[in-house]
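Asker: What follows is a single structure, and I will ask about it in a moment.
The values are calculated or read from the model by the stated rules, or taken from the named source; none is laboratory data. Since this is a predicted model, take the numbers as computed values, not measurements. Every residue, glycine among them, receives a Cβ derived from its backbone with ideal geometry; neighbour counts consider all protein chains shown. The accessibility values were calculated without ligands, DNA or RNA, using every heavy atom of the protein model including side chains. Shrake-Rupley method; radii C 1.70, N 1.55, O 1.52, S 1.80 Å.
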Amino acid sequence: MSSGHGRPVLPETVLVAGGAPLGGELRVPGDKSISHRALIVGALGEGTSLVRGLSDGDDVRRTRDAVAALGAEVHDDGEVVTVTGGRSLLHAPLGPLDCGNSGTSMRLLAGVAAGLAGVTVLVGDASLSTRPMDRIAAPLRAMGAGVTGSGARCLPPLTVTGGSLHGITWVPEVASAQVKSAVLLAGLFAAGETTVRERVRTRPHTEELLALAGADIEVADDGDGRVVRVRASALRPFDVVVPGDPSQAAFWVVAACVVPESALRVRGVYAGETRTGFLSVLRRMGARVGLHGGAPGGSRSGVGAVADVTAQWGPLSATVVHASEIPSLDEVPALAVAAACAEGTTRFVGMGELRVKESDRLRAVARLLDAVGAPARIEGDDLLVEGVGGDGEEGGDGSGGSPKGLRHFRFDSQGDHRMAMAAAVAALAAGPGESRIDGFGGVATSYPAFLTHLRHVGGHARVQLVAIDGPAGSGKSTVSRAIAGRLGLDRLDTGAMYRAVAWAALERGIDPQDAPGVAELAHSAVIDPGPPDVVIDGVVVTSAIRTPEVNRAVSAVAANPSVRAALVERQRAWAAAHGGGVVEGRDIGTVVFPHADLKVFLTAAPEERARRRREEPSEGVARRDELDRTRTASPLAQAADARLVDTTCRSVDEVVEEILSCLR
Ligand code: DC
């Protein structure tokens, strides 16, 4: 699904069913962290860098748009993204850099902005606007930049006044690759040497990419942690393949471990030690997970080791997880689901940083686990999860059983992508039945193809199906378009399909009353109902189906039972292919989808309907309504369980709110 702006749109509500084993292989999106850095370091390089496998999520798109606003040229041919940069091209942007939901974009770009003369304003969405930026503001100020935000925690919007910087030695208080990266990027512009000492080794992608681009950089271990030194240097362009994102692979790995009889392989995942701690945790829990062809000695991508990760279902037991094992904490939501399925109580120690992620993930994880039936509690900065494992049936081979104690649930991720994906894994593990996950649209920030991949490995996910019926001029098209937009769903206008058949009959000289002739046409025609265009047998008829001739012919066509049978079958196939959607017509709630999640029957006063259809004579509209209502084949009727909504004298927003309230 995609919006008009080419940005991915995912449904807000997704229903995920359990009970089916997962199998096969997949590739997760390009690593988000490496993608951000490849774009930024590419923009700093003198020339054109090539990046393959860039993450297609919204977060990385923000960085891509931002480096373009800073003066780099970015091109995407679908496979390779080229970034042409260099110091002479870069400048403070004319307008604010919109980082959306992406903390990485904001923190890293602030480091670059500190080095550019002028003022850069960085803004974010509501969630990013609550995330602390003091951790980068402090070192950047110490280097000589001006950084202001709101309050003591320096919340966005962030204003960075860049210019002449000098090197510093910085010891970040929190383990954060973003802070390290912001300081190192600013260090490229600073006089003298800039040093970052980290006590906990965080992901090394900025260092790796800077080394690849020929920066004057040294990385050393000093026993206690890692020391990175950088000096002002001209960077050269590079060519890099972004490996798969291990934090996304974690969802599939955990899913394979907890869904009975599953086995999965995730190909081409970044396998550097700072990112694969979750695999060590799972191994400790007894999981059957493996790295193949990876570090050491695995294939290299220019930015570290790459490997296939395999995982297989089996019994899990509780463990203690320390924050230092997974410095970003990105895999904690997935690991918490594994803990829910394990035998015993798992303790996640020192998880305070989860409170300032895309949502308060510490509470969100506890909420999810409670919902799925594995009680969780927060003690200080620790999270304790009582697993339900061990009371399942013994597998035939003595390998353990399914986590019987889990139940299906309803969970609102509040737009946090990792919480939504963790909830999907919990639903897959919960056995037969279906869970409802709200706030799923946030998954587009990092993993737009998540649902496609879920289905590819055998999981069942669907979206809501909303049936909207009503007579001509009752507001179906406007309302269904708005509902689809708000819910992130696709929309099907079934009237356009009947109209397309009527148009084709007229075009081919078939009398609309010639029932067998029109039926044959309807059965053989290939119809694409759009959007954007309505196409029948390769001819675009989007406007041609709205003429007075078609208006007159369509009632007879729609009254033809054989035509209806052909089109109803295609309407059902459309919904199956789209996993649900908003479908408008005359018989959607009564005949096509009698089990729709919501049925709406729109009406409006006759005068208002005639006014809305002013291109059609009012007798014409009335006649068509009469024919639709009195025909024997699926007449226009309100389903017994449909909500009647009168749209007379009401705004679209008001009607849409009323309908959406029925789905909440
Ligand atoms: O919604 P519309 O005016 O574009 O529909 C054109 C005709 O198709 C209308 O006269 C009724 C008919 N129709 C139908 O019988 N069943 C549907 N599901 C949709 C439309």
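Asker: Nearest 0.05, what FRET efficiency do residue 173 and residue 662 give at R0 = 51 Å with Cβ-Cβ as r?
Answerer: Details: r = 48 Å, r/R0 = 0.95.
In this case the efficiency is close to 0.60.
Asker: Of all accessible surface on region 392-536 at a 1.4 Å probe, what whole percent is carbon and sulfur?
Answerer: C and S atoms contribute 50 percent here.
Asker: Taking only DSSP H segments of four or more residues, each worth -39500 (n - 2.57), what value at 222 nm results for the chain once the sum is divided by all its residues, to the nearest 500 deg cm²/dmol?
Answerer: -10500 deg cm²/dmol
Asker: Here's a follow-up. Rounded to the nearest percent, how much of the accessible area of region 154-202 (1.4 Å probe, protein heavy atoms only) is carbon and sulfur?
Answerer: Values: 910 of 1740 Å².
That share works out to 52 percent.
Asker: While we're here: Run the simple label-point estimate for residue 284 and residue 377 please: 7 Å along Cα→C-beta, distance reported in nm.
Answerer: Using points 7 Å along Cα→Cβ, the separation is 2.2 nm.
Asker: Arranged from highest to lowest average of other beta-carbon atoms within 10 Å per residue, in what order do the peptides 622-634, 29-41 appear?
Answerer: Those peptides, ordered most packed to least, come out 29-41, 622-634.
Asker: Could you check the spin-label model distance between residue 573 and residue 25? Points 7 Å from the Cα along Cα→Cβ, value in nm.
Answerer: The answer from the label model is 3.2 nm.
Asker: Another one. Could you work out the mean projected area of the convex hull around the alpha carbons of region 1-84, in square nanometres to one decimal?
Answerer: 7.4 nm²
Asker: Sticking with this structure for a sec: What's the ranking of 249-257, 51-59, 495-503 by average number of surrounding C-beta atoms within 10 Å, highest first?
Answerer: Most protected by this proxy first, the peptides run 249-257, 495-503, 51-59.
Asker: Note down the net charge around residue 46, summing +1 for each Lys or Arg and -1 for each Asp or Glu among other residues with Cβ under 10 Å from its Cβ.
Answerer: Here the count lands on +2.
Asker: A further question follows. What whole-number value in Å² describes the accessible area per residue of region 555-662 for a 1.4 Å probe? Working shown, then result.
Answerer: On the way: 5070 Å² over 108 residues.
Value returned for region 555-662: 47 Å² of accessible area per residue.
Asker: Beyond 46 Å, what share of the Cα-Cα pairs of the chain remains, rounded to the nearest whole percent?
Answerer: 29 percent
Asker: List every residue whose amide H lies under 5 Å from the amide H of residue 535, counting only residues 5 or more places away in sequence or on a different chain, with H placed 1.01 Å from N in the peptide plane.
Answerer: 528, 530, 541
Asker: I'd like to know which of 177, 48, 538 lies farthest towards the positive end of the charge dipole of the chain, counting +1 on Cβ of Lys and Arg and -1 on Cβ of Asp and Glu.
Answerer: Value: 177.
Asker: Region 43-113: percent of C-alpha pairs farther apart than 17 Å?
Answerer: 41 percent
Asker: Just check region 446-486 against the gyration tensor rule for me: Cα atoms, a ≥ b ≥ c as the square roots of the eigenvalues, rounded for a/c under 1.5, and otherwise prolate or oblate depending on whether a/b exceeds b/c.
Answerer: prolate
Asker: Right, here's the next one. Can you give the charge dipole size of the chain about its Cα centre, rounded to the nearest 20 debye, using +1 on the beta carbon of Lys and Arg and -1 on the beta carbon of Asp and Glu?
Answerer: Values: 69 positive and 79 negative charges, 124 e Å.
Charge dipole, the chain, about its Cα centre: 600 debye, nearest 20.
Asker: Once the other residues with Cβ under 11 Å from the Cβ of residue 517 are scored (Lys, Arg +1; Asp, Glu -1), what is the net sum?
Answerer: In short, -2.
Asker: Return one number: the angle in degrees, 0 to 90 and rounded to the nearest 10, between the long axis of the Cα atoms of helix 618-630 and the longest principal axis of the Cα atoms of the chain.
Answerer: Once rounded, one gets 90 degrees.
Asker: Using 0.36 nm per residue, how much length does the chain from residue 322 to residue 614 gain when fully extended, once their Cα-Cα distance is taken away?
Answerer: Details: separation 292, 0.36 × 292 = 105.12 nm, distance 6.78 nm.
Here the segment from residue 322 to residue 614 would lengthen by 98.3 nm.
Asker: Right, next: Ordering 73, 331 from largest to smallest accessible area (1.4 angstrom probe), what's the sequence?
Answerer: Most to least solvent-accessible, the answer reads 73, 331.
Asker: Residue 231 versus residue 370, label points 7 Å from Cα toward the beta carbon: distance in nm?
Answerer: In this crude spin-label approximation the distance works out to 5.6 nm.
Asker: Moving on to the next point. Can you tell me which of 169-182, 86-99 comes out highest on packing, and rank the rest after it, using the mean Cβ neighbours within 10 Å?
Answerer: Result, highest mean Cβ count within 10 Å first: 169-182, 86-99.
Asker: With both bridge residues required to lie in the chain, what share of the DSSP beta bridges run antiparallel, to the nearest 5%?
Answerer: Antiparallel bridges: around 65 percent, rounded to the nearest 5.
Asker: Kindly report, to the nearest 10 Å², the accessible surface of residue 409 as traced by a 1.4 Å probe over protein heavy atoms only.
Answerer: So the heavy atoms of residue 409 present about 20 Å² to solvent.
Asker: Separate question: When the chain is fully extended, how far beyond the present Cα-Cα distance does residue 455 get from residue 292, taking 0.36 nm per residue of separation?
Answerer: Details: separation 163, 0.36 × 163 = 58.68 nm, distance 2.45 nm.
Gain in length upon complete extension: 56.2 nm.
Asker: Using a probe radius of 1.4 Å on heavy atoms only, what accessible surface per residue do you get for region 126-233? Whole Å² is fine.
Answerer: Heavy-atom accessible area per residue stands at 37 Å².
Asker: Let me ask something else. How much net charge surrounds residue 342 when only other residues with a Cβ under 11 Å from its Cβ are counted (Lys, Arg +1; Asp, Glu -1)?
Answerer: Net local charge, residue 342 excluded: -1.
Asker: I would also like to ask the following. Rounded to the nearest whole Å², what accessible area per residue is found for region 245-331 with the 1.4 Å probe?
Answerer: Values: 2690 Å² over 87 residues.
On a per-residue basis, region 245-331 sits at 31 Å².
Asker: How much length, in nm to one decimal, is gained on full extension between residue 191 and residue 552, taken as 0.36 nm per residue of separation minus their Cα-Cα distance?
Answerer: Stretched fully, the residue 191-residue 552 segment lengthens by 122.1 nm.
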